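The values are calculated or read from the model by the stated rules, or taken from the named source; none is laboratory data. Here the structure is a predicted model, which means the values were calculated and not measured. Glycine gets a Cβ as well: all are built from the backbone with ideal geometry, and neighbour counts include every protein chain shown. Accessible surface is based on the protein model in full, side chains and every heavy atom, while ligands, DNA and RNA are left aside. Shrake-Rupley method; radii C 1.70, N 1.55, O 1.52, S 1.80 Å.
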Amino acid sequence: MTMRLLLISGSLRSSSGNSAVLRTSADVAPSGIECAIYAHLAALPAFNPDTDEHPLEPEVKRLRDEIHSADAILFSVPEYAGALPGAFKNLLDWTIGDEQARSILDKPVGWVNSSPRGAEGAYRELRTVLSYAHANIVDGACVDIPMSADAIGPDGLIEDGTIRSALIDVLARLLDAATV
Ligand SMILES: Cc1cc2nc3c(=O)[nH]c(=O)nc-3n(C[C@H](O)[C@H](O)[C@H](O)COP(=O)(O)O)c2cc1C
């Protein structure tokens with residue numbers, strides 16, 4: 001079986017370390033894992049329960065379609081002011097009211113915290129929201145891999161072998177959870 005893994009970064013910064021971690025995850029993915037990077041965070045409308053009904057706004061539909069087609073999701077997010085970035089929390093809010101088959105409910109999810117400063121507030125909130133959404137948080141795929149900005153090469157990828165092998169382990173744990 002091939003697992004389709006959706007990679008969602010919480011940063012909109014062009015030289016984002018969190019996005020680099022996810023690009024590198026796609027780069028190291030072994031056969032059997034097909035990765036898709038979600039690239040439309042900035043285009044999502046502000047969450048409004050009044051518009052959380054069919055027909056959905058196109059960007060909300062695109063987000064939900066990408067989640068539906070994924071067997072698992074891997075996140076990497078920065079911490080802003082002790083919490084999740086607003087644009088990313090907005091994305092999570094759009095996942096809550098999704099009652100379609102293959103929504104985030106029960107979907108295996110993990111994260112890579114690449115902050116060298118901890119980012120405990122952001123990841124505590126991420127766990128809270130994903131638990132509220134009843135996602136299947138795969139603890140073995142929720143890891144801290146502290147990384148400095150100079151680990152990112154000119155191609156936007158991380159070459160460090162220790163980081164790359166830690167990412168391979170994360171993917172393997174998500175694959176295990178998606179195939180049980
Ligand atoms: C507005 C703002 C608030 C921030 N607040 C925090 C914070 O509370 N805690 C922290 O560790 N870093 C904080 N940072 C630093 C970012 O989390 C850090 O630079 C992160 O690596 C950026 O991720 P990125 O490279 O994926 O964009 C803040 C940065 C900005 C721009």
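Which is within 20 Å of ALA46 (Cα to Cα) and among the hydrophobic types (A, V, I, L, M, F, W, C), of LEU74, LEU92?
The match here is LEU92.
Is there a residue in the range 48-66 that is among the polar types (S, T, N, Q) and more than 25 Å from MET147 (Cα to Cα)?
Within the range 48-66, one or more residues are among the polar types (S, T, N, Q) and more than 25 Å from MET147 (Cα to Cα).
Look through VAL21, VAL60 and report the one residue that is within 24 Å of GLY161 (Cβ to Cβ) and modelled with pLDDT of 95 or more. Steps first, please.
Values: VAL60 fails: within 24 Å of GLY161 (Cβ to Cβ).
Testing whether each residue is within 24 Å of GLY161 (Cβ to Cβ) and modelled with pLDDT of 95 or more leaves just VAL21.
Condition first: open to solvent by 40 Å² or more (accessible area, probe 1.4 Å) and more than 13 Å from the ligand (Cβ to nearest atom). Now tell me which residues in the range 1-34 satisfy that.
MET1, THR2, ARG4, ASP27, PRO30, SER31, GLU34
For residues that are at negative phi and touching a helix residue (DSSP H, G or I) at 6+ places or on another chain (Cβ under 8 Å), scanning just the range 143-158, find the one that is least open to solvent (accessible area, probe 1.4 Å).
ILE158
Output the residues belonging to the range 96-133 that are within 16 Å of the ligand (Cβ to nearest atom), in contact with a Ser or Thr (Cβ under 9 Å, 6 or more places away or on another chain) and part of a loop (DSSP other than H, G, I, E, B). Please lay out each step first, then the result.
Narrowing the range 96-133 to residues within 16 Å of the ligand (Cβ to nearest atom): 111-126.
Narrowing further to those that are in contact with a Ser or Thr (Cβ under 9 Å, 6 or more places away or on another chain): 111-114, 116, 122-123.
Matches in the range 96-133: SER114, PRO116.
Is at least one residue of the range 35-51 under 13 Å from LEU174 (Cβ atoms) and either open to solvent by 20 Å² or more (accessible area, probe 1.4 Å) or outside any loop (DSSP other than H, G, I, E, B) (or both)?
Scanning the range 35-51 turns up at least one residue that is under 13 Å from LEU174 (Cβ atoms) and either open to solvent by 20 Å² or more (accessible area, probe 1.4 Å) or outside any loop (DSSP other than H, G, I, E, B) (or both).
Working only within the range 58-87, note down all residues that are assigned to a loop (DSSP other than H, G, I, E, B) and surrounded by 15 or more Cβ atoms within 10 Å (Cβ to Cβ).
Of everything in the range 58-87, those that are assigned to a loop (DSSP other than H, G, I, E, B) and surrounded by 15 or more Cβ atoms within 10 Å (Cβ to Cβ) turn out to be ALA70, ASP71, VAL77, PRO78, GLU79, LEU84, PRO85.
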